[in-house]
1. Go through segment 372-408 and give me each residue that's more than 26 Å from LEU421 (Cβ to Cβ), of a type in the set (D, E, K, R) and outside any strand (DSSP E or B).
2. Name the residue that is modelled with the lowest pLDDT, counting only residues in segment 96-116 that are basic (Lys, Arg) and not in a loop (DSSP other than H, G, I, E, B).
3. What residue, among those in segment 419-461 that are touching a strand residue (DSSP E or B) at 6+ places or on another chain (Cβ under 8 Å) and part of a loop (DSSP other than H, G, I, E, B), is modelled with the highest pLDDT?
4. From the list GLY382, GLY358, which residue is open to solvent by less than 60 Å² (accessible area, probe 1.4 Å) and in contact with a helix residue (DSSP H, G or I) (Cβ under 6 Å, 6 or more places away or on another chain)?
5. How about segment 484-520: which of its residues are in a loop (DSSP other than H, G, I, E, B), surrounded by fewer than 21 Cβ atoms within 10 Å (Cβ to Cβ) and touching a Lys or Arg at 6+ places or on another chain (Cβ under 9 Å)?
6. If you check ALA611 against the conditions, is it open to solvent by 10 Å² or more (accessible area, probe 1.4 Å), of a type outside the set (Val, Ile, Thr), more than 25 Å from THR388 (Cβ to Cβ) and out of contact with any Phe, Trp or Tyr (no Cβ under 7 Å at 6 or more places or on another chain)?
7. Every residue in segment 409-418 that is of a type outside the set (Val, Ile, Thr) and either in contact with a strand residue (DSSP E or B) (Cβ under 7 Å, 6 or more places away or on another chain) or part of a helix (DSSP H, G or I) (or both), please.
8. Which residues, counting only those in segment 309-325, are part of a helix (DSSP H, G or I) and open to solvent by less than 50 Å² (accessible area, probe 1.4 Å)?
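The values are calculated or read from the model by the stated rules, or taken from the named source; none is laboratory data. Just so it is clear, the structure is predicted and the values come from calculations on it, not from any experiment. For neighbour counting, all protein chains shown are included, and Cβ atoms are generated from backbone atoms with ideal geometry for every residue, glycine included. Calculation scope for accessible area: heavy atoms of the full protein, side chains included, ligands and nucleic acids excluded. Shrake-Rupley method; radii C 1.70, N 1.55, O 1.52, S 1.80 Å.
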Amino acid sequence: RIRGLGSLPPVGVIDIVGLDAAGELYGEPADWEAVDEGPIPRVLILTESGKEGAAPGVGDRVLCDISALTEPAGGYSHQARIIRRLERERRRLLGIFERAERGGGTIRPIDRKQMKDWRVDVGQEGEALDGELVRFDIAKLGRHQLPGARIVERLGNPNSQKQISLIAVHAHGIPDVFPARVEDEVKALPPLDRAGREDLTGTPLITIDPVDARDHDDAVWAAPDADPNNPGGYIVLVAIADVAGYVRPGTSLDREAERRGNSVYFPDRVVPMLPERISTDLCSLREGELRPCLAVRMVFGADGVKRRHAFTRALMRSAAKLSYQQAQAAIDGTPDDKTGPLLEPILKPLWAAYACVGKARDKRGPLDLDLPERRIEVGPDGQVARVTVPERLAAHRLIEEFMIQANVAAAETLESKHTPLVYRVHDQPSKEKLAALRTFLQTLDVALPKQSVLLPEQFNAVLAKTRGIEIADLVSEVVLRSQSQAEYNPENYGHFGLNLRRYAHFTSPIRRYADLIVHRALIRALKLGKDGLTDDGISRLPDVAQAISDTERRAMSAERETTDRLIAAHLCEKIGATFQARISGVTKSGLFVRLKETGADGFIAISTLSAEYFTYDENQRALIGERSRETYRLGDKVEVKLVEAVPTAGALRFEMLSDGSKGTRGPVPSPGKRQVRRFTGRRK
């Protein structure tokens, strides 16, 4: 059927984008960017009362029956009845295409959870070359045919390290191109209205960030409190980029930011939540440039307890952009030309205020997990140059603590004003996870209290007791695995890990949509402007909180998978090399090991361990030789040889070179629990 310019098909996908003055939902065609046929049609959404399921709302994507209005009115050219809601994003299917001689071929999925290869019929391969990474769909290509794959996009050489982060972007359906209408909105942004803003340009706020940071959304300043009623106290000012001044509710820019939920950080690229003009220019607190901010002034007593705080919408000018390493070096006695003049008036008061606030933090006792974090450094050629574990500095902890205090202040203010918000919540560990942790700790002769409700300080006691042993990092990781996952929620049930009754994310609105919501809530509650949280925004908080929790998990998964793939690519040329490692997991099918040098994870199949049968002892987290009682336990230091690296799957396979320890602390598992494996001829 041929349709006219600006018309829509009878059935199509619509993004619900807002409410009109009469309270009616309206939307836009989801694929108009691809059609590019002039102005975007505005579609009135017809809702049916009494229909089962949650009512549709702004931000939903829906499949609709669409009809053109014979007499367009109110700006609407079409109306639509909803057939069903659609998922916001689908995980896309990626694989390696293996072309057959006569056309067509097969696709080998790169996702380790997808074990099935897919047939590609002749004519469905597009122009894909043999060995290329492709995105594909699954469909029945004929009435009586089994499902097959249809290639929809070529993504290039899968073995190129430059492609690896793109694999995660495509696999997880992460939006990485801003629609033209969003870019047009950014170009047309009006100059910021400076009226009603407090002037903080005379306060020497500074930013302290990673060396390679491109956006700067937080700045800090501190000084001793001159109030005679607060001897030994400090004033701390935290200023945050005023993203709400540019990203207004209901705009295409706002909807795109909500859809992304957060920025995603890979070693070689960033997929930002906001377009670059906003994230690295208009809202970035760049040194020496006038910028809008939302700031909180906090007053702490000599005991580190916050006495009061106040928020303001202001203008600021960053006095300096420092890296963590620069600031720390200055405090440690080796300032450079830039930090030297800042040491006495700015840096030392910040560190003194941090020491003061630290008293209350130590008394509060948040969960004290200090796990090393791998950092992949990519060279100019796009290849992995090295994998390091950066030192954790006091400068990192200082910024982290001041951000936590600002986040708490935001939650407290909004609660006091009875303004709905999205909390950052973290539930207590489940009974099942606590039971598994106790079992593991028993193998180290470390006891965890048996009550069902524990406090962070009880986990900290375990961490302190094991801090001096060789497997301290492993213990920290197992404790971390026992914790619940943090999320966003309009209902507050506290933050267990930080040991806080109320907590919200306020300090990173350039890269997290949750923080932008909190900014808008503060603007509404404190009457700081007309761009605050709307009534519609409040009604949608449960759905938005769930959506941004999902996008956060998506980002974490994509970042982790990319790290695994990059390290596997980095180690491809080291097949046959030996490495020092530690057993990081024990299962019925084999051992997981973590390399000391890079932190890379890999697997050793139980069938390759030795010339005897091994059994799995769940209580001891060990594999035990049936005849020799040779034992491989969680946490053991071992030497391993790399035998296979698969970069597209992020998979490493090793062979064990070390003998296990002799004997076990407990009885050999019963024969009924034995996991029998074939003899493979390995040394013995």
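1. GLU373, ARG374, ASP381, GLU391, ARG392, ARG397 - these are the residues of segment 372-408 that are more than 26 Å from LEU421 (Cβ to Cβ), of a type in the set (D, E, K, R) and outside any strand (DSSP E or B).
2. ARG108
3. Residue satisfying both the conditions and the ranking: VAL422.
4. GLY382
5. Result: SER484, GLN485, ALA486, ASN492, GLY494, LEU498, ASN499.
6. In short, no.
7. Taking segment 409-418 as the starting set, the residues that turn out to be of a type outside the set (Val, Ile, Thr) are 409-412, 414-418.
If the condition is that a residue be of a type outside the set (Val, Ile, Thr) and either in contact with a strand residue (DSSP E or B) (Cβ under 7 Å, 6 or more places away or on another chain) or part of a helix (DSSP H, G or I) (or both), then ALA409, ALA410, ALA411, GLU412, LEU414, GLU415, SER416 are the ones that fit.
8. TYR324
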